[in-house]
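Inspection log for the structure reproduced underneath, given as structure tokens.
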Amino acid sequence: MSYVPPEPVRSIEECDAILQSPQSPLVTDTITIGKRRVRVYRNLPASIRDMWLTSVEAFAKREYLIYENERLTYADAQERAVRLASLLHARGVKKGDRVAIAMRNIPEWAITWWACQLLGAVAVAVNAWLTPEAFYHCVSITTPTAVFVDAERAEVLQPKVGDLRSLGCRTFLVARSTTLPAGFESFVDALKAHTSVDFPRSEILPEDDACIFFTSGTTSLPKGVLSTHRQYLSNMFNSACSGARALLRKGETLPAPDPNAPQLSVLLVVPLFHAMGNHSFLGPVSAMGGKIVLMRKFSPSLGAQLVVKEGITNASGVPSQVSQLLEEIPHDAEGVKLETLSYGGGPPSSRLPEQLRTRLPNALMAQGYGLTEVNSAATVFAGDDYLARPTSCGLPALAVDIKIIPPTAPMPISSAPALKPREVGEVCIHGPNVSQGYWRDEEATRKAFDDEGWFRSGDLGYVDEEGFLYISDRAKDIIIRSGENISSVQVENALFAHDAVREVAVVPVPCEVHGEQVAAVVVLHPSTHPSRSSSARQPPPTEAALRSIAASSLPRHAVPALVILIEVGAEEEGLPKNATGKVVKGDVKKLATAEWEKRGLGKKPPRAKL
């Protein structure tokens, strides 16, 4: 990258000392919660409801939810949420009961979420794109008292309505459906018919259960992750650490809140049932009185149009989404107000910093690392620290601790030895954001969480001498060739050095000689892309050219033995992905293995006859 960030004015220790001063909004205290001794944010709201009601009072007239031709203010959303909370109460939902939500990113999703929080119910955010088996699994194990779905999910769930009723579910509401499947009521009709706004305002404490989100379930059925109000809300303050540190590192002071500042305007392309879309955007943006622009489905070209039309100031997604969005924003576009681009949910991209500097030189880039089990972000950073270390995932937030342990270390994590800087091991996380555990799965909880609140992520990584975290790979995605561990992320970044590569996933394929070999499935930019023209600075992206570019930065054993090239249009899907935009490597591996075997590769040579 041509841009070299200036040396920071303040050290990380100096910045954190300022952020821990008594007058800082991010100051922490150490308290005991059950068996956990944790640092918590002193100024955190007591509950998600308290946070929402504060925003509604302060920003009632501001625009809040934008969806296609619909525009709702904070007051509009609250009026609907109050009536829905009253309706749920009338249907027998009480504090602590589960309410399942499974829809696309439509306004009804957010309205139902806030209704749950007003009532003190536990919102169950179900992945709307699961297979019918996995979808029903998520709904049924949480035994909800009410279920809210859109038309597509109603069709999937309808055959199981009777089974769910036997588990105690009393209400099935469907939004935006032209027909009513048997057993379902219309969301809009039920809300119109219920004019009461009465429901009990139960006390909600920081340690009360707030929500259940699900793991991606790429290798097994998804697990429900149960979190309290404090655990959910801690992400909001964790995320704020990145911008605060970025300013302090440049020698600036933290600005006082300005009620007259322009409204934050966010393009949300990540599903609301995902920790990134919900914990890192719905919650924090609502707390700041921001406007949230929803998309029914991610489209780079539509996203770029909305950036201009809605005056978007902040956008985020997984790395591939952010990259595609940047590609679609014209260099000379008037009305582009993007101030911040952030990404997570995937390996750090070595290409994004240069792409950002070229397209939006004045925008702030932020990156983070986290999981559903830690309520989204655990490490964060932004600005020059990010640009200087684009393959890092940032620093632990103020209330978070990161510990790298040997992957084979037994529980508890608190007793495991910490590895030295730059030694690769399993990433473990501790803080007020670490969830309660897995819903009704004690065995899985014992394997991943210890009594002191440490969580073992299953990710391999290391920290450098300053404490910046680097993720080497998921433990299950490491390729072992003749005993050598190969990071798929490292190989992917090497292939991204060719400008024509839009997406890439590296997976193992079976080999009788080496055990496993490296295979890369590469999605190329369309033929109309500048990188594919005759005047491009690099040779055409053939298999040989890509292997050569990988060999220039990788050890010989890590160079892909197989490269599969895929051509798609600008708006077409490339690699198989789940609902949050993460590449489903299991599907990629099947594709690569089929091609590997078709070519007759990976076989031992026949023994010579004597």
**Asked** Pairs under 6 Å by beta carbon, first residue touching a residue at least 40 places away in the same chain (Cβ under 8 Å) and more than 15 Å from Ala475 (Cα to Cα) in the range 423-434, partner among the charged types (D, E, K, R) and in a strand (DSSP E or B), six or more apart or different chains?
**Response** His430/Asp401
**Prompt:** Looking at Lys585, is it of a type in the set (D, E, K, R) and buried (at least 20 other Cβ atoms within 10 Å of the Cβ)?
**Reply:** yes
**Request:** Could you pull out every one of the strands (runs of 3 or more DSSP E) wholly within the range 312-403 that has 3 or more residues that are among the hydroxyl-bearing types (Ser, Thr, Tyr) and either under 30 Å from Val38 (Cα atoms) or at pLDDT 90 or above (or both)?
**Result:** 340-343
**Asked** Which ones in the range 496-516 are of a type outside the set (Gly, Ala, Ser), closer than 15 Å to Val563 by Cα and assigned to a loop (DSSP other than H, G, I, E, B)?
**Response** Phe496, His498
**Asked** How about the range 72-178: which helices (runs of 4 or more DSSP H) wholly inside it have at least 2 residues that are of a type in the set (Asp, Glu) and within 26 Å of Ala46 (Cβ to Cβ)?
**Response** 74-90
**Message:** Is it the case, given these coordinates, that Arg532 is farther than 22 Å from Lys476 by Cβ, among the basic types (Lys, Arg) and at pLDDT 90 or above?
**Reply:** no
**Prompt:** Pick from the range 140-184 the residues that are more than 28 Å from the chain's Cα centre (by Cα) and within 20 Å of Glu70 (Cβ to Cβ): which of them is surrounded by the most Cβ atoms within 10 Å (Cβ to Cβ)?
**Reply:** Ser177
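The values are calculated or read from the model by the stated rules, or taken from the named source; none is laboratory data. Here the structure is a predicted model, which means the values were calculated and not measured. In this analysis, Cβ positions are derived from the backbone assuming ideal geometry, glycine residues included, and neighbour counts consider all displayed protein chains.
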